[in-house]
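Below is one structure, written out as structure tokens, with a few remarks after it.
All of the numbers you see were taken from the coordinates with simple rules; none came from a lab. These figures come from a predicted structure and were not determined experimentally. Every residue, glycine as well, gets a Cβ built from its backbone with ideal geometry; the counts of neighbours run over all protein chains shown.
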Amino acid sequence: MRNDGRTRRVGESNWAGNHAYGADAVRTPRTVDEVRAAVAAATGVKALGSRHCFNDIADSPGGVLLDLSRLDIPVEIHDGTVTVGGSARYGDFAGQLHAAGFALPNLASLPHITVAGSIATGTHGSGRRQPGLASAVSAIELVTADGGLRTFTREDGEFPGLAVGLGAFGVVTRLTLDLVPAFDVRQDVFDDLPWDAAYRHFDEIEDAGYSVSMFTNWVHDVVDQVWVKSRVDAFTDRPGLFGAVPSDGPRHPAHAAGIPADNCTPQQGVPGPWHERLPHFALAFTPSVGDELQSEYFVPYRHAVAAVRAVREIGDLVAPLLLVSEIRAIAGDEAWLSPCHGGDRVALHFTWQPRQTDVEAVLPVLEERLAPFEARPHWGKLFHGGGLDELYPRMAGFRALAGELDPDGKFRNPFLDRHVFGG
């Protein structure tokens with residue numbers, strides 16, 4: 001195989017290093033035409049973004065991976081929308097939006113991830129009234145299996161199936177996102193929320209800000225931290241939060257593991273632009289802990305307190321493997337395979353120590369505990385799986401759409417066969 005700087009043999013892995021890609025080659029196209037040619041020539045192909053998935057969803061064993069990080073697509077800001085390349089990272093263009101007077105309604109906890117990868121896996125931010133990132137998408141440009149280029153918009157009936165596409169339909173080269181007027185946010189952290197108060201006042205805590213996150217290891221007598229991100233123009237001052245007290249300095253979610261707060265976005269009520277407060281972690285630093293694994297489960301909002309209680313019952317099993325867990329609410333949406341399809345959800349996120357064998361042994365127990373609460377796993381994180389057809393009422397429609405756009409299964413892989421197509 002010729003190595004011309006755009007093709008290289010695989011000896012590469014995902015962000016966490018827990019999955020080595022099984023593809024025969026990685027190519028780095030610089031134009032959409034090069035993407036089209038690579039897709040048309042391949043028998044199996046998948047796109048790579050920031051590689052922040054913790055499983056094999058983006059792999060193409062025996063096929064080709066397209067590293068889109070060098071794809072040259074300019075940011076185009078219009079009146080109320082922005083069009084970006086699928087490989088663009090949110091943190092790369094958020095400042096440009098703010099300078100033009102615009103904002104995205106929400107961001108994930110780290111701005112380092114790509115737009116296309118985030119959308120494809122149903123990634124989200126936090127906020128009881130803020131839906132996941134896919135809800136902002138109004139148009140998708142897609143390279144299909146024959147190398148063709150198609151654009152789908154919200155007016156197309158199949159669009160809700162495409163939005164959280166798991167890479168099953170093609171390679172996303174451009175997306176158009178809805179914008180809102182720019183706004184400022186302040187971030188206040190509260191320590192030591194009593195669990196009884198968290199249960200009794202769950203709705204009020206989730207309504208305390210534009211975005212709210214609770215951090216715990218499940219075995220302490222209190223919720224370690226509550227991060228409340230408030231729009232400055234809607235801020236309500238409070239001396240405490242149902243027994244939790246304001247922090248006396250910056251906090252890191254995994255502070256109990258000895259991680260300093262250096263890579264976190266500014267706290268202690270200092271106002272700043274939306275894109276410098278809605279994420280937990282700053283673009284200039286390694287996000288979260290770095291050397292970690294992740295899992296996440298979404299339960300209907302009505303089951304939130306019961307699901308949290310169920311996890312606490314096995315806290316002694318979970319805590320020894322944890323760096324930290326996060327509890328946060330997300331508004332519902334209509335994307336067929338979005339974890340929040342059909343109604344508001346609460347996400348229970350687990351940032352694990354890099355001990356995959358031990359983590360994989362715990363996941364079936366955790367999922368059994370959460371099964372009565374209709375828990376859906378995050379597509380891009382570690383999960384055991386099973387019964388997903390029952391959790392996603394539009395799964396059959398998704399499979400049919402994939403069959404239309406990719407009749408020979410060029411974009412299928414072992415992950416999709418296990419969890420979507422039943423192979």
message = If I model a spin label as a point 7 Å beyond the Cα along the Cα-Cβ vector, how far apart are those points for GLU368 and ASP192 in nm?
response = 3.7
remark   = If one builds a Gaussian network model of the chain from Cα atoms under 10 Å apart, the most fluctuating residue listed among GLN187, GLN268, GLN294 is GLN268
ask   = How big is the chain by Rg and Dmax over its Cα atoms, in Å?
value = 20.7, 65
remark   = Scalar couplings 3J(HN,Hα) for segment 159-175 by Karplus 6.51 cos²θ - 1.76 cosθ + 1.60 (θ = phi - 60°), nearest whole Hz, x for Gly and Pro, are 4, x, x, 6, 4, 9, x, 6, x, 7, 10, x, 9, 7, 9, 9, 9
ask   = Spin-label point model (7 Å from Cα, Cβ direction): what's the ASP79 to GLN353 distance in nm?
value = 5.7
message = Show me the three semi-axes of the equivalent ellipsoid for segment 1-126, from the C-alpha gyration tensor (sqrt of 5 times each eigenvalue), largest first, rounded to whole Å.
response = 28, 18, 11
query = What relative contact order, as a whole-number percentage, does segment 1-158 give when Cα pairs under 8 Å and 6 or more residues apart are counted?
reply = 18
note = Expected unfolding gain across THR43-ASP237 under the 0.36 nm per residue rule, minus the alpha-carbon gap, is 64.0 nm
query = Hey, what angle do you get for helix 395-405 against the long axis of the chain, alpha-carbon based, 0 to 90 degrees rounded to 10?
reply = 30
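Taking only C-alpha pairs under 8 Å that are 6+ residues apart, what is the relative contact order of the chain in percent? Don't skip to the end; give the middle numbers.
On the way: 975 pairs, mean separation 72.8, N = 423.
The normalised contact order for the chain reaches 17 percent.
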ask   = How far is the Cα center of segment 10-85 from the Cα center of segment 236-288, in Å?
value = 32
query = Between ASP389 and ASP221, 0.36 nm times their residue separation minus their Cα-Cα distance comes to what?
reply = 56.8 nm
Distant-in-sequence amide H partners of THR81 (H built 1.01 Å from N, under 5 Å) = LEU179
query = Expressed as an acute angle from 0 to 90° and rounded to the nearest 10, what is the orientation of the C-alpha long axis of helix 90-99 relative to the principal long axis of the chain?
reply = 70
key: Pairwise label distance in nanometres, THR153 with ARG418, each label 7 Å out on the Cα-Cβ vector   = 3.9
request  = With θ set to phi - 60°, apply the Karplus curve 6.51 cos²θ - 1.76 cosθ + 1.60 along segment 13-26 and write out the HN-Hα couplings as whole Hz, x wherever there is a Gly or Pro.
outcome  = 9, 6, 3, 7, x, 8, 9, 8, 5, x, 5, 7, 7, 10
Amide H contacts under 5 Å for GLU12, placed H, 5+ residues apart = TYR21
remark   = If amide H atoms are modeled at 1.01 Å from N in the peptide plane, then the residues at a separation of 5 or more from HIS124, or on another chain, having amide H under 5 Å from its own are LEU133
task = Take every Cα pair under 8 Å in segment 66-150 that's 6+ residues apart, average their separations, divide by the length, and report that relative contact order as a whole percent.
result = 20
query = For segment 216-224, in order, what is each residue's ³J(HN,Hα) by Karplus, 6.51 cos²θ - 1.76 cosθ + 1.60 with θ = phi - 60°, in whole Hz (x at glycine and Pro)?
reply = 8, 10, 6, 10, 5, 6, 10, 6, 4
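Using the beta-carbon distance between GLU360 and ASP316 and R0 = 25 Å, what value does 1/(1 + (r/R0)^6) give for FRET efficiency, to the nearest 0.05?
Calculated value: 0.85.
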query = Could you work out the helix-only [θ] at 222 nm for the chain, with each DSSP H run of four or more residues adding -39,500 (n - 2.57) and the total divided by the number of residues, to the nearest 500 deg cm²/dmol?
reply = -5500 deg cm²/dmol
Bins of 10 Å from zero: percent of alpha-carbon pairs in segment 7-70 = 24, 58, 18, 0
